[in-house]
Structure formats: C-alpha cells, structure tokens
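Scroll down for the structure; my scribbles are underneath it.
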Amino acid sequence: MPSEKIPFNRPCFGGNEYLYMGQALERLHISGDGYFSKQTQALLEREIGAAKALLTTSCTDALEMSALLLNIGEGDEVIVPSFTFVSTANAYALRGARIRFADIRPDTLNMDENHVAQLINKRTRAIVPVHYAGVGCNMDALTALANRNGIVMVEDNAHGLFGTYRGQNLGTLGNMATQSFHETKNFSCGEGGALLLNDPLLVERAEILREKGTNRSQFFRGQVDKYTWVDLGSSFLPSDLLAACLFAQLERRETIQNTRRTIWETYSRELRGWAERHGIGLPIIPAECHQAYHMFYLLMPTLEDRQAFITHTKERGILCVFHYLPLNASPMGEKQGASKGDCPVTEVMSDLLVRLPFFNNMTLAEMERVVEAVLSFQPTGRPHPLLEARQHLAAV
Ligand SMILES: *Cc1c(COP(=O)(O)O)cnc(C)c1O
C-alpha cells in the first residue's frame, strides 16, 4: 500500500501569485519599493496597525536592521530566548553585543519573564521576545520590565502574524517587530521579511538604513532636493517580484488562516485523548492569546520516545521534525559566556518536542493519515516531571 509521502511543509500558491508576478514584470520595475512592495506594506500597516512596515529580504535582515537602528554595540547586552532560531541572537551579536539567554516557560514555551528579570542589568539594551508557535508571550510582564528599566522591546514575530494578545496584534506590542516570509512560515515568498515600526520617531532613520545609508526615500517624496550618504546602512529591499508573490498570499489571509485553524483544531481534537493517556504534552494557549496557527507540536514523555516517534511516522511516509536546539548550550552560545544548564526548561523541552506536518493546502485525507499514524504510536517512557508541572500551570 505505497501512498504519497506527507512532507512536513509544502509550499502552496493558491491565489494570484502567477498573475501578480507577471504584472510586476510588465511594470518594468522589479527592484525594491515598486508597486507590489507598496501595496504589501500598506496592507501590513492597515491590518496590523503598525506606524510603518518596511519589507526586507528576510526576518534575519529585519532583525539586523533593528540592531543598527538601536545603535547596538560593544558593551551592550540583549536578552533573547534560548529556544529560538539563531537569527534572533546573531543579529545583535554581529554588532558586538553580548547575548543573554532567557529560559522558557513550560506551558507556552515562550520566554520566561522571571528569568528575564534576573538577566537585566545596566548594560541591557533590548529584550527580544519570540511568540513561539504564534502564541503571545506574557507581554504584560515583559512590557512592565522593559518600561521600568528603560529597555527597548523588539518582537521577533516570525511565527505570530495575525495572532493577538489581549486583543492587540502581535507585532504591535514592542517598539518594533520583525516578520518572516520564509517558505516555512504561514505566508511566504520563498525568502522575505518585514520590519514593523510602532514608534513613528524610528521611521525616518529606518528608511535611511534600508536605503544603504542614503536619504533616497526623502528625495523621492520631494523632502530634499538631492540624496546623499547620511548614515550607516545596507541593502535590505526585496525585489518587487517577491513582493508580488507575497501580496497574493496576504490577500488570501483569511482563507489561509482558516485552513491552518482547521488543521490545528483537527489535531487537537483527535489527539487529545491519546495524549492524556500517555502523558504527552499538547500546546497550551492562554486565555489572553489568540494564536496565529503557525504549528502543532507534541511533547513526548522522553527523548527516546521522541526519536522513536519520528521513526514510527517516517515508516508510514510522514515527516515529523524536531525544532530548535538550546542556544545557551551551542558553541556560539558558550562563546557568549553561556553554558549548558543555564536554561533547564529549554534543554528538556527541546529534547521532547516534535512538530506535525502543517501546510496551507493540507487535505482532510492527509490530516487523517497523520492522526492515524500518531494514534498507533505507544510511548514507553515515564513522562518527564516538567510535563506534569506544565499541566498544573494550564489548569490555573
Ligand atoms: C524563521 C525565523 C526567523 C528567520 O526568518 P528568515 O526570514 O528565514 O530570516 C527568525 N526568527 C524566528 C523565530 C523564526 O522562526
């Protein structure tokens, strides 16, 4: 009974991608800041409520722009979660900052605000929360910490576009936020990103940094009569061809998010009983969060069970994958002064977590096959004590 393999992710172009990319070519303007870039930025500003959205070639680039914009340098410290993609840390390390790694909460796997509080000192310049799986961090606590200590907040919102926290869009809670439109994210143009600026005072300099350190944007608006080199900068603009592809996806945001919600709810409903019987953890969504339906993960009882689960599903043609390794225990993390043991919750959860296939054109039959393969797996280990602690957190 050989059947089609189910990948972890499958790109899907179900709207006007071909049409708009053709139109971008016909407009004879495929460099940055063309028609589709402007349409996309306006859509993000309108839908998210940011003062300014600037498209970039990746979320990594948007994070690097944030580091330039904040004048991060030697002697500064930046707090990021240990459980994140390397770019969250790299962007600031590149400017010479020391990265401090915060552990995560066992319930949402988001930055632990109590550990953040311990890491703050007079050198701390920025806190960079990641809304893991598109579920908001405890922004009340993190915002209070940032305000009390005069620290800037940059949300790495790569997972969280269109999610909310207490009714406010993720990406508008920090001074600025970064988005990713990489192939693996909810909305994609292959490689792409955006910097969202919530503080109007940051906009002018951000435009200059993005235009190779020139005041070209002001020139095009007629605010200055010639443009020149005025600041540091680099090239962060994506081609308008990519913006055309992205705009087509963002136009279909309701359809895409509804599909993703169906997948998430199907997994959650069908797997809950099995998970409870075996002490397996499922995502916990706090009441104040409306999630962005970026992923569905399981927390297996032990590392051995997690590995056996990946093999079990692979034998059935289904690709399930683990996620981030703790940055505090990485070779670069150690060079930053961190070491294994600094972030115990991250170190456990990273071993237990596995992500199920999740993509925008997943069919009901594919979901059923994944569910069937998962339900036929029997873990053998005793659940890690943190998984039980996590259930108690969820109950309050
Ligand atoms: C995907 C991702 C990034 C990097 O995005 P790119 O657009 O590939 O640079 C950064 N942070 C997080 C949390 C991510 O998931």
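Among the residues of region 356-383, just one is surrounded by fewer than 18 Cβ atoms within 10 Å (Cβ to Cβ) and basic (Lys, Arg), namely Arg382.
Could you tell me whether region 61-68 includes any residue that is farther than 21 Å from His294 by Cα and part of a loop (DSSP other than H, G, I, E, B)? No - not one qualifying residue is present in region 61-68. Residues that are within 12 Å of the ligand (Cβ to nearest atom) and in a helix (DSSP H, G or I) within region 86-131 comprise Val86, Ser87, Thr88, Ala89, Asn90, Ala91, listed in sequence order. I'd like to check something: does region 23-38 contain any residue that is within 18 Å of Gln179 (Cβ to Cβ), in contact (Cβ under 8 Å) with a residue 60 or more places away in the chain and open to solvent by 50 Å² or more (accessible area, probe 1.4 Å)? For region 23-38, residues within 18 Å of Gln179 (Cβ to Cβ), in contact (Cβ under 8 Å) with a residue 60 or more places away in the chain and open to solvent by 50 Å² or more (accessible area, probe 1.4 Å): absent. Under the condition of being away from the ligand (no atom under 16 Å from the Cβ) and in a loop (DSSP other than H, G, I, E, B), which residue from region 159-210 is least open to solvent (accessible area, probe 1.4 Å)? Step by step, filter region 159-210, then rank; the result is Thr172.
Of Ala158, Ala133, Ala144, Ala177, all but one fail to be in contact with a Gly (Cβ under 6 Å, 6 or more places away or on another chain) and among the hydrophobic types (A, V, I, L, M, F, W, C); the exception is Ala177. Restricted to region 148-158, and to residues there that are open to solvent by less than 20 Å² (accessible area, probe 1.4 Å) and more than 19 Å from Arg46 (Cα to Cα), the residue that is farthest from the ligand (Cβ to nearest atom) is Ile151. Scanning for something open to solvent by less than 10 Å² (accessible area, probe 1.4 Å), under 18 Å from Ser268 (Cβ atoms) and in contact with a strand residue (DSSP E or B) (Cβ under 9 Å, 6 or more places away or on another chain), does region 319-340 turn up at least one residue? Among the residues of region 319-340, at least one is open to solvent by less than 10 Å² (accessible area, probe 1.4 Å), under 18 Å from Ser268 (Cβ atoms) and in contact with a strand residue (DSSP E or B) (Cβ under 9 Å, 6 or more places away or on another chain), which makes the answer yes. Of everything in region 132-147 that is open to solvent by less than 10 Å² (accessible area, probe 1.4 Å) and over 17 Å from the mean Cα position of the chain (by Cα), the residue that is nearest to the ligand (Cβ to nearest atom) is Leu142.
Taking the criterion of being part of a loop (DSSP other than H, G, I, E, B), of a type in the set (Phe, Trp, Tyr) and closer than 22 Å to Glu366 by Cα, the residues of region 291-331 that qualify are Tyr293, Phe296, Phe322.
Each row is one residue, and each column tells you yes or no for (1) within 16 Å of the ligand (Cβ to nearest atom); (2) within 30 Å of Gly317 (Cα to Cα); (3) out of contact with any helix residue (DSSP H, G or I) (no Cβ under 8 Å at 6 or more places or on another chain).
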residue: Lys5; (1), (2), (3): no, yes, yes
residue: Pro11; (1), (2), (3): yes, yes, yes
residue: Gly15; (1), (2), (3): no, yes, no
residue: Ser31; (1), (2), (3): no, no, no
residue: Leu43; (1), (2), (3): no, no, no
residue: Ala51; (1), (2), (3): no, no, no
residue: Leu55; (1), (2), (3): yes, no, no
residue: Leu63; (1), (2), (3): yes, no, no
residue: Val78; (1), (2), (3): yes, no, no
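Look at (1) surrounded by fewer than 20 Cβ atoms within 10 Å (Cβ to Cβ); (2) in contact (Cβ under 8 Å) with a residue 24 or more places away in the chain; (3) under 28 Å from Pro357 (Cβ atoms); (4) not charged (D, E, K, R) and you find that Tyr293 fails only one, number (1).
Sub-7 Å Cβ pairs linking a first residue in region 357-378 that is closer than 19 Å to Ser188 by Cα to a second residue that is open to solvent by 60 Å² or more (accessible area, probe 1.4 Å), at least 6 apart or interchain, are Pro357/Leu319; Phe359/Arg10; Asn361/Arg10, ordered by first then second residue.
Taking residues in region 215-238 that are surrounded by 12 or more Cβ atoms within 10 Å (Cβ to Cβ), and partners anywhere that are in a loop (DSSP other than H, G, I, E, B) and of a type in the set (A, V, I, L, M, F, W, C), the pairs with Cβ atoms closer than 8 Å and at least 6 places apart or on different chains are Asn215/Val224; Asn215/Val230; Gln218/Val224; Pro238/Cys189. Does any residue of region 231-251 turn out to be more than 30 Å from the chain's Cα centre (by Cα) and modelled with pLDDT of 90 or more? No, that holds for no residue.
The values are calculated or read from the model by the stated rules, or taken from the named source; none is laboratory data. Quantities reported herein were computed from a predicted structural model and do not represent experimental measurements. All Cβ positions, even for glycine, are placed from backbone atoms using ideal geometry, and neighbour counts span all protein chains on display. Areas reflect the complete protein model, heavy atoms only, side chains present, ligands, DNA and RNA absent. Shrake-Rupley method; radii C 1.70, N 1.55, O 1.52, S 1.80 Å.
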